[in-house]
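Below is one structure, written out as structure tokens, with a few remarks after it.
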Amino acid sequence: MDTEEMDFTDAKMLRKMAEQKLQEKQKQETPGEKETDIQKLVHELQVHQIELEMQNEELRQAYDRAETALKKYTMLYDFSPMGYFSLDPECNICDLNFTGAEMLGEKRFSLIKSNFKLFISQDSIAVFNGFFRKVFASNIKESCEVMLGNDDNSSCLVYMEGIVTEEDPKCLLAVVDISGFRNRLLKK
């Protein structure tokens, strides 16, 4: 059959022609050439398998390092002695650690999407509002002291520092209970 007359879109015909060409090629090869080709192919497959095993081991080690780092930073964040909060521009809590939840007197996951201002005492709300405005306006670290607490929770004096993240505008807030520190200073 002439190649000009062949329909290369006909898969069956193409397969049949390829098999015929392979048979002709195999007839021309000597048994030693076939054996050499098979050995080369087996060698290449073995090398490729070892490469894959090495890559798999490296991936496993990278996974172990990532797991270790995750545990380390989870411990550092979640169990820190200071409260950490992430607040959106409307002052809603996006994330917080266990100490932050303890300071607000609620369970951690029940506080997500709650407005942080609800936990600032009425006496301190003006100071906090000024601080929060400055944090978003200045894009530098700001600080203030306010009383946390509302009708349901006892109040405590806290020192807080906040800064706004660049890529996703959120206020990262670190809060430390200083009421015990102040009480010790007053007793001296």
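Assorted remarks:
- Residue within segment 100-119 that is β-branched (V, I, T) and touching a residue at least 24 places away in the same chain (Cβ under 8 Å) present: no
- Scanning segment 74-90 for residues that are surrounded by fewer than 16 Cβ atoms within 10 Å (Cβ to Cβ), touching a residue at least 24 places away in the same chain (Cβ under 8 Å) and touching a Phe, Trp or Tyr at 6+ places or on another chain (Cβ under 7 Å) yields one hit, P89.
- Taking (1) more than 22 Å from the chain's Cα centre (by Cα); (2) under 24 Å from S179 (Cβ atoms); (3) surrounded by 15 or more Cβ atoms within 10 Å (Cβ to Cβ) in turn, S143 satisfies each apart from (3).
- In segment 48-96, residue nearest to the chain's Cα centre (by Cα) [restricted to those that are assigned to a helix (DSSP H, G or I) and of a type in the set (V, I, T)]: T74
Rundown of residues vs (1) under 17 Å from L148 (Cβ atoms); (2) surrounded by 14 or more Cβ atoms within 10 Å (Cβ to Cβ); (3) of a type in the set (D, E), yes/no style:
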residue: H48; (1), (2), (3): no, no, no
residue: E51; (1), (2), (3): no, no, yes
residue: A66; (1), (2), (3): no, no, no
residue: K72; (1), (2), (3): no, no, no
residue: N92; (1), (2), (3): yes, yes, no
residue: D95; (1), (2), (3): no, yes, yes
residue: M103; (1), (2), (3): yes, yes, no
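- Once segment 124-140 is narrowed to residues that are in contact with an Asp or Glu (Cβ under 7 Å, 6 or more places away or on another chain) and farther than 14 Å from Y159 by Cβ, the residue that is surrounded by the fewest Cβ atoms within 10 Å (Cβ to Cβ) is K134.
Conditions (1) modelled with pLDDT under 90; (2) assigned to a loop (DSSP other than H, G, I, E, B); (3) touching a Phe, Trp or Tyr at 6+ places or on another chain (Cβ under 7 Å), marked per residue:
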site	(1), (2), (3)
V127	no, no, no
R133	no, no, no
A137	no, no, no
E167	yes, yes, no
L186	yes, no, no
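- Answer from K113, K107 - the residue that is basic (K, R) and in contact with a strand residue (DSSP E or B) (Cβ under 7 Å, 6 or more places away or on another chain): K113
The values are calculated or read from the model by the stated rules, or taken from the named source; none is laboratory data. Since this is a predicted model, take the numbers as computed values, not measurements. Cβ: placed from backbone, ideal geometry, glycine included. Neighbour counts: every protein chain shown.
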